[in-house]
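Below: the structure, in structure tokens.
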Amino acid sequence: MLAGPLVFLCSVAVMGGLAVVIAPGPAMINNVAVPLVLFPGAWGVLFFYACLDQKLLRAYGVVAGLTLLNGGLIAWHFAQTADVLQAAA
């Protein structure tokens, strides 16, 4: 369960968190392109970590912590965007 769907969901959350953190760049696509390119690497590292860690609870904690951290970044970004949209209306 950990090395399959949970690691995949964590990798998707990491990709979304990176899209918030990385600057758009001069072509305005860096915050989209870079996380897409790094997604397989993030998934691979998390997958092998979940498979090879000797303490299963620690692996669950690391994956859950990364998921919550990046989910918080995404939620913060949407909250900031909502505030800007309310101020403009």
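Go through segment 22-61 and give me each residue that's under 22 Å from Phe78 (Cβ atoms), touching a residue at least 12 places away in the same chain (Cβ under 8 Å) and surrounded by fewer than 13 Cβ atoms within 10 Å (Cβ to Cβ).
Start the filter on segment 22-61 by keeping residues that are under 22 Å from Phe78 (Cβ atoms), which leaves 22-25, 28-36, 38-39, 42.
From the residues that got through so far, the ones that are touching a residue at least 12 places away in the same chain (Cβ under 8 Å) too are 22, 31-32, 34-36, 38-39, 42.
Scanning segment 22-61 gives a single hit, Leu36.
Kindly evaluate Asp83 against the criterion of being surrounded by 15 or more Cβ atoms within 10 Å (Cβ to Cβ), of a type in the set (Asp, Glu) and either more than 17 Å from Pro5 (Cβ to Cβ) or free of Cβ contacts under 8 Å to residues at least 24 places away in the same chain (or both).
no
No value in this document is a laboratory result; all are computed from the given coordinates. Predicted model, so just to flag it, every value in this text is computed and none were measured. All Cβ positions, glycine included, derive from the backbone under ideal geometry; neighbour counts span all protein chains shown.
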